[in-house]
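Q: For reference, the structure I am asking about is given below.
What follows draws every value from the coordinates through simple rules; no lab data is involved. Every value quoted in this text rests on a predicted model; they were computed, and no experiment measured them. Because the Cβ atoms are built from the backbone with ideal geometry, glycine has one as well, and the counts that use them run over all protein chains shown.
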Amino acid sequence: MNKEEAELLEGIFKRAEEKEKILCVAERLLSETSEPDFAEFIKSVFAGIGLKQLYAGMAGIIGVSFAAAVLLAYLALQVMLQLGEGVYAAAFFSAPLLYAGIFLLSWLKERESSSFELLMSCKYTFFHVLAARMLGECLMGFVFNGVYVFALAVRFRADGIRLFAVSFSSLMVFSLLFAGGLLLGRGIRGAAAGCALWFLANLVVLFALPSVYGRLLLGLPVLLFIAVGICGVCVHVRQLMSLTAPTFRKEYANAANTRRY
């Protein structure tokens, strides 16, 4: 065995030992952690982590996401008007843009640090941060969509309540798919799949069934959209609580321990 092979083998054993230590620490912390209720969840993700730390160094990401969401929302409006789908279709399609933008850009930033496995051994793991940010992004998306639908209602003299309900339900359905993909896929790829599913399904309906997309959003009862949105909020909070629960953290830690370098 030459010197290079010996150094390579030594590096492999060293990395394996580091992963074993990380997993042992994670196992111990998981065994000491109970399933959170809603109050504990809110306390842990906001009071424990802190809003300042939660979005530390993310001013650029949030700014870029807002700018991109405004641009894409405007383009979506123009496309929907050209296709004859109307402003309700534009509000529905544009609702999750800010949520998706902030989440994906922040994940790319964390990905560059290559610290996922280490963060899983901390009291507040990367998934605590994800859950807190996802809840925060829902709130930011809610505000952004409120301003957007208000502008649409004033500019096109549309039904503001329906626009708001359509946008609200769209944001929550997207959030459910996004978090559901993260939980089922045990990783960001699952969340990306949920994101892709939402956009692809909308595009298929939009182009395969011309003019049906907008008529459907205009014809369904407003209360139905509101009910979908409220149910979505309740389910999404449960999803985020599951994301920070010991069971999910243990499964992720086990998966990280078997990941190849």
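Q: Peptides 54-63, 88-97: what's the order by average Cβ count within 10 Å, highest mean first?
A: 88-97, 54-63
Q: With the contact rule set at Cα under 8 Å and sequence spacing of 6 or more, what percent relative contact order holds for segment 135-227?
A: Computed over segment 135-227, the figure is 25 percent.
Q: How would you rank 187-197, 147-157, highest first, on the average number of other Cβ atoms within 10 Å across their residues?
A: Highest mean packing first, the order is 187-197, 147-157.
Q: To the nearest 0.05, how large is the calculated FRET efficiency for Leu105 and Leu75 if R₀ is 25 Å and r is the Cβ-Cβ distance?
A: After rounding to 0.05, the efficiency reads 0.85.
Q: If we sort 161-167, 223-229 on the protection proxy, mean other Cβ atoms within 10 Å, highest first, what's the order?
A: For the peptides 161-167, 223-229, the packing ranking is 161-167, 223-229.
Q: Using the Karplus curve 6.51 cos²θ - 1.76 cosθ + 1.60 with θ = phi - 60°, what ³J(HN,Hα) values do you get for each residue of segment 77-94, in whole Hz, with x for Gly and Pro?
A: Whole-Hz 3J(HN,Hα) from phi for segment 77-94: 4, 5, 5, 5, 5, 5, 7, x, 8, x, 6, 5, 5, 5, 5, 5, 5, 7.
Q: In nm, to one decimal, how far is the modelled label at Val147 from the one at Ile161, with both set 7 Å along Cα→Cβ?
A: Computed distance between label sites Val147 and Ile161 equals 2.6 nm.
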